[in-house]
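Here's the structure we're looking at; comments come further down.
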Amino acid sequence: MTADHHSGKEVNISALRKALLTWYDVRALSLPWRAPPGERADPYAVWLSEVMLQQTTVAAVLPRFQRFIERWPNVQALAAAPLEDVLAEWAGLGYYARARNLHACARLVVEVHDGRFPQDPAQLRTLPGIGAYTAAAIAAIAFNVPVMPVDGNVERITARLFAIDQPLPAVKKRIAARAATLQNAHRPGDFAQAMMDLGRTVCTPKAPTCAACPLKDVCRAHAHGLAADLPRRERRKEKPHRSGMAFILHNSSGQVLLRRRSLSGLLAGMPEFPSQGWDDAPPFWPDARPFGVKTRPLARVRHVFTHFVLDLEVREGLHPVLADDDLPDGYFWLDPLELSVVGLPGLMKKVARSAGFLD
């Protein structure tokens, strides 16, 4: 058992582990990357799902995971895939740097580790795109290494179990240390996933259903009526705003002009309608007359990135017909009917919709 300074009452760790695993054996969520309770999961599936889940929800990931697995059923297939195909398949799943790291990681696993993911969390962390949480998740879930992956669900449950009322993010290290004491050495993968499921279905951020919680008898926040108030968070700063322009340029054949972004920075390597003014890239032209073409305002779109809010003015114009050889490097003409399959990032899909190209 262990105690926290918030209260003299101890948390019975042994009872907690037994209650949570008993609950998980009956209530475990059925997910395509999981094995049934008591069985080992496929490391490739665990890794792929954890990377996908870093920026979105289980519901959003489910169909995308299936598409990835059907297209690249193992790490060897993914390593052999062209990066452009992986980036296109990633559209809508968050930062494209994660897709580039996914591809680079697959190649390293094949080339350096003979197609097998390392079991040691420290070795896993040497692979592209795998941080402390993902390494712990793969090690625990796929290899039964007794480490605790601390995601938002585990963080929230731990803060409530121990009634830790100092605000996040300053108290993250303390919560992680407490979470590590909970791990079950005999079934670490099941225990980690049980914590995740409990956070998704019972110990939710708002209005937790404490009456249905298998840990209510050992939870100190529940005992003090604090569960809905924890974990506390420092007040978030308002996201900064940026603005820029995007250009939809047509030729007389009805095609639109696109370009492929640089391999570094935001939306790296992705196709886009030429844009400027909102990122760190130098402007392609000094005003709203790209390539000397007069443009007119068409629409405005807003897109929320993790660290800022972007407002883009969309402008439209008719471009002289140029052969592809006459275009600057990275630019190309495309039939608007192909925009749905070219792998546009979410921001550029909004630009396309503003011109009526996509539903």
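The values are calculated or read from the model by the stated rules, or taken from the named source; none is laboratory data. All values derive from a computational prediction rather than experimental measurement. Cβ: placed from backbone, ideal geometry, glycine included. Neighbour counts: every protein chain shown.
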Do you know which residues across segment 43-68 are outside any helix (DSSP H, G or I) and either touching a strand residue (DSSP E or B) at 6+ places or on another chain (Cβ under 7 Å) or buried (at least 20 other Cβ atoms within 10 Å of the Cβ) (or both)?
Leu53
Kindly list the number of the only condition in (1) more than 30 Å from Val145 (Cβ to Cβ); (2) in contact with a Gly (Cβ under 9 Å, 6 or more places away or on another chain); (3) assigned to a loop (DSSP other than H, G, I, E, B); (4) not β-branched (Val, Ile, Thr) that fails for Arg242.
(3)
For segment 36-50, give me the residue count where each residue is closer than 15 Å to Ala192 by Cα and acidic (Asp, Glu).
2
Identify, by number, the condition in (1) under 16 Å from Met52 (Cα atoms); (2) crowded, with 19+ Cβ neighbours inside 10 Å; (3) among the basic types (Lys, Arg) that Arg156 doesn't meet.
(1)
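Give Thr181, Thr126 a once-over and let me know the one that is in contact with a strand residue (DSSP E or B) (Cβ under 7 Å, 6 or more places away or on another chain), hydroxyl-bearing (Ser, Thr, Tyr) and surrounded by fewer than 19 Cβ atoms within 10 Å (Cβ to Cβ).
Checking each option against the conditions leaves just Thr181.
Could you list, in sequence order, all residues of segment 100-130 that are assigned to a loop (DSSP other than H, G, I, E, B) and at pLDDT below 95? Full working, then the answer.
Keep residues of segment 100-130 that are assigned to a loop (DSSP other than H, G, I, E, B), which gives 113-120, 125-130.
Correct list: Pro128, Gly129.
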Would you mind telling me which numbered condition in (1) in contact with a helix residue (DSSP H, G or I) (Cβ under 6 Å, 6 or more places away or on another chain); (2) outside any helix (DSSP H, G or I); (3) in contact (Cβ under 8 Å) with a residue 40 or more places away in the chain Asn153 fails?
(2)
Among the candidates Val293, Val314, Val342, single out the residue that is assigned by TED's automatic domain parsing to the domain that holds Leu267 and buried (at least 19 other Cβ atoms within 10 Å of the Cβ).
Val314
Please identify the pairs in which a residue from segment 291-311 that is in contact (Cβ under 8 Å) with a residue 12 or more places away in the chain has its Cβ atom under 7 Å from the Cβ atom of a residue that is assigned to a loop (DSSP other than H, G, I, E, B) and crowded, with 17+ Cβ neighbours inside 10 Å, counting only partners at least 6 apart or on another chain.
Phe291/His319; Val293/His319; Leu298/Ala355; Leu310/Trp278
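Would it be correct to say that Arg98 is buried (at least 19 other Cβ atoms within 10 Å of the Cβ) and in contact with a Gly (Cβ under 7 Å, 6 or more places away or on another chain)? Show your work before the answer.
Values: buried (at least 19 other Cβ atoms within 10 Å of the Cβ): no; in contact with a Gly (Cβ under 7 Å, 6 or more places away or on another chain): yes.
In short, no.
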Filter segment 298-322 for residues that are farther than 22 Å from Ser262 by Cα and at pLDDT below 90 and give the result.
Gly317, Leu318, His319, Pro320, Val321, Leu322
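Please give the helices (runs of 4 or more DSSP H) falling wholly within segment 161-239 in which 3 or more residues are in the same structural domain as Ala142 (by TED's automatic domain parsing) and free of Cβ contacts under 8 Å to residues at least 40 places away in the same chain.
Values: elements: 172-180, 188-201, 220-223.
Because the criterion is at least 3 residues that are in the same structural domain as Ala142 (by TED's automatic domain parsing) and free of Cβ contacts under 8 Å to residues at least 40 places away in the same chain, the helices (runs of 4 or more DSSP H) in segment 161-239 that meet it are 172-180.
Residues Arg71, Arg34: which one is touching a residue at least 24 places away in the same chain (Cβ under 8 Å), surrounded by fewer than 21 Cβ atoms within 10 Å (Cβ to Cβ) and either under 19 Å from the mean Cα position of the chain (by Cα) or not assigned by TED's automatic domain parsing to the domain that holds His307 (or both)?
On the way: Arg71 fails: touching a residue at least 24 places away in the same chain (Cβ under 8 Å).
Only one candidate qualifies: Arg34.
Here are Leu258, Leu266: which of them is farther than 16 Å from Ala91 by Cα and either part of a strand (DSSP E or B) or touching an Asp or Glu at 6+ places or on another chain (Cβ under 8 Å) (or both)?
On the way: Leu266 fails: farther than 16 Å from Ala91 by Cα.
Exactly one residue qualifies, and that residue is Leu258.
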